[in-house]
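K.L.:
Got a structure here, written out as structure tokens. Questions coming.
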Amino acid sequence: MICAAGFFSAAQAQNGHSPIEDMANAIKNDHIAEISMYFDNVVPVTINNTPNIYSRNQAEAVLEDFFEKNKPKDFAVSDNGSPTSTSKFMIGTFDTPSGKYNVYILMKQKDGNFVIQEIRLTRQ
């Protein structure tokens, strides 16, 4: 657990991007596995209004499967911000061959690092 936390902290510090930029770039460049470095022990994921709570590994598998079936062709951030110093959010839209999806990601600070509190993917 300590080793994973150390990797997590180093990953956030080394690339020089904010966690929200990392999320946007991962979706835009189809590098979905990179999102998993921001997972907490449990990850609430909602796909098309069906909410579930997954372990880190389950969430990564679910998102990889979703994005394998719905390859992003384009991604645009429509809004993002930090309502408090300990939270960040991003709202965006991505195109796939089968349609458009809205994305909402909420992150909260835990032990000095931002972790994903919620991911929502909803078909328009």
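The values are calculated or read from the model by the stated rules, or taken from the named source; none is laboratory data. Because the structure is a prediction, the values reported are computed rather than measured. Ideal geometry is used to build each Cβ from the backbone, glycine not excepted, and the neighbour counts take in all protein chains shown.
K.L.:
Of these, ALA24, ALA4, which one is at pLDDT below 95, touching a Gly at 6+ places or on another chain (Cβ under 8 Å) and of a type outside the set (Lys, Arg)? Spell out how you get there, then give the answer.
P.N.:
Details: ALA4 fails: touching a Gly at 6+ places or on another chain (Cβ under 8 Å).
Within the list ALA24, ALA4, the selection yields ALA24.
K.L.:
Of all residues in region 81-92, which are more than 13 Å from the chain's Cα centre (by Cα) and surrounded by 10 or more Cβ atoms within 10 Å (Cβ to Cβ)? Show your work before the answer.
P.N.:
Restricting attention to region 81-92, the residues satisfying the condition of being more than 13 Å from the chain's Cα centre (by Cα) are 81-87.
Passing the criteria: GLY81, SER82, THR86, SER87.
K.L.:
Picking from LYS71, LYS100, which residue would you name as being among the charged types (D, E, K, R) and either surrounded by 17 or more Cβ atoms within 10 Å (Cβ to Cβ) or in a strand (DSSP E or B) (or both)?
P.N.:
Details: LYS71 fails: either surrounded by 17 or more Cβ atoms within 10 Å (Cβ to Cβ) or in a strand (DSSP E or B) (or both).
Only one candidate passes the filter, namely LYS100.
K.L.:
Exactly one condition in (1) in contact with a Lys or Arg (Cβ under 7 Å, 6 or more places away or on another chain); (2) closer than 19 Å to ASP22 by Cβ is not met by ILE119; state its number.
P.N.:
(1)
K.L.:
If a residue must be in contact with a helix residue (DSSP H, G or I) (Cβ under 7 Å, 6 or more places away or on another chain) and farther than 20 Å from ALA76 by Cβ, how many such residues does region 30-46 contain?
P.N.:
Number of matching residues: 8.
K.L.:
Ok, one more. Among the candidates ASN52, ASN102, ASN48, single out the residue that is touching a Lys or Arg at 6+ places or on another chain (Cβ under 6 Å), at pLDDT 95 or above and among the polar types (S, T, N, Q).
P.N.:
On the way: ASN52 fails: touching a Lys or Arg at 6+ places or on another chain (Cβ under 6 Å); ASN102 fails: touching a Lys or Arg at 6+ places or on another chain (Cβ under 6 Å).
Exactly one of ASN52, ASN102, ASN48 is touching a Lys or Arg at 6+ places or on another chain (Cβ under 6 Å), at pLDDT 95 or above and among the polar types (S, T, N, Q), namely ASN48.
K.L.:
Got a number for residues in region 54-68 being surrounded by 11 or more Cβ atoms within 10 Å (Cβ to Cβ) and either under 20 Å from LYS28 (Cα atoms) or aliphatic (A, V, I, L, M) (or both)? Walk me through it before giving the result.
P.N.:
First, the residues of region 54-68 that are surrounded by 11 or more Cβ atoms within 10 Å (Cβ to Cβ): 54-67.
Next, from what is left, pick out any that are either under 20 Å from LYS28 (Cα atoms) or aliphatic (A, V, I, L, M) (or both): 59-67.
Of the residues in region 54-68, 9 are surrounded by 11 or more Cβ atoms within 10 Å (Cβ to Cβ) and either under 20 Å from LYS28 (Cα atoms) or aliphatic (A, V, I, L, M) (or both).
K.L.:
Within region 29-45, can you find the residues that are modelled with pLDDT of 90 or more, within 20 Å of ILE91 (Cβ to Cβ) and assigned to a helix (DSSP H, G or I)?
P.N.:
Listed by number, the residues that qualify are GLU34, ILE35, TYR38.
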